[in-house]
Amino acid sequence: MHHVKGEHRNQLLMMSLESSVAADSFVRAIDAFVDSINLKSFGFKNVDCGEEGRPPFHTSVLLKLYLYGYKMGYIPLANWKGKPN
């Protein structure tokens, strides 16, 4: 079984998502960093899919979203103890 895959970046809404992100954007650094590391060596689980059930999103996609959210200052609601300062 394979991981869930999204749309290819160059085929979304008749425009290239690659061209809408600046060349020096931090998002590109996150993308390059996560793609260059071996997730298993950092202790990530579920890098490989099992044969049963619905396939999960790839661990690298979730890590990219987490790092982007951390950089942008998004706080997980589970850790939120009230209004931000």
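The values are calculated or read from the model by the stated rules, or taken from the named source; none is laboratory data. Computed from a prediction, not measured in an experiment: that's the story for all the values here. Neighbour counts run over all protein chains shown; Cβ positions are idealised from the backbone, glycine included.
So in the range 20-72, with the set limited to residues that are among the acidic types (D, E) and at pLDDT below 90, which one is nearest to the chain's Cα centre (by Cα)?
Checked the range 20-72; the qualifying residue nearest to the chain's Cα centre (by Cα) is D48.
So which pairs qualify, if the first residue must be in the range 31-55 and surrounded by 13 or more Cβ atoms within 10 Å (Cβ to Cβ), the second must be part of a helix (DSSP H, G or I) and small (G, A, S), the Cβ gap must be under 7 Å, and the two must be at least 6 apart or on different chains?
Taking only residues 6 or more apart or on different chains, the pairs are V34/S60; L39/S60.
Consider the range 12-30. How many of its residues are surrounded by 10 or more Cβ atoms within 10 Å (Cβ to Cβ), of a type in the set (A, V, I, L, M, F, W, C), in a helix (DSSP H, G or I) and without any contact (Cβ under 8 Å) to a residue 12 or more places away in the chain?
2
Mind counting the residues in the range 35-65 that are closer than 17 Å to G6 by Cα and outside any loop (DSSP other than H, G, I, E, B)?
Residues flagged as closer than 17 Å to G6 by Cα and outside any loop (DSSP other than H, G, I, E, B) within the range 35-65 amount to 9.
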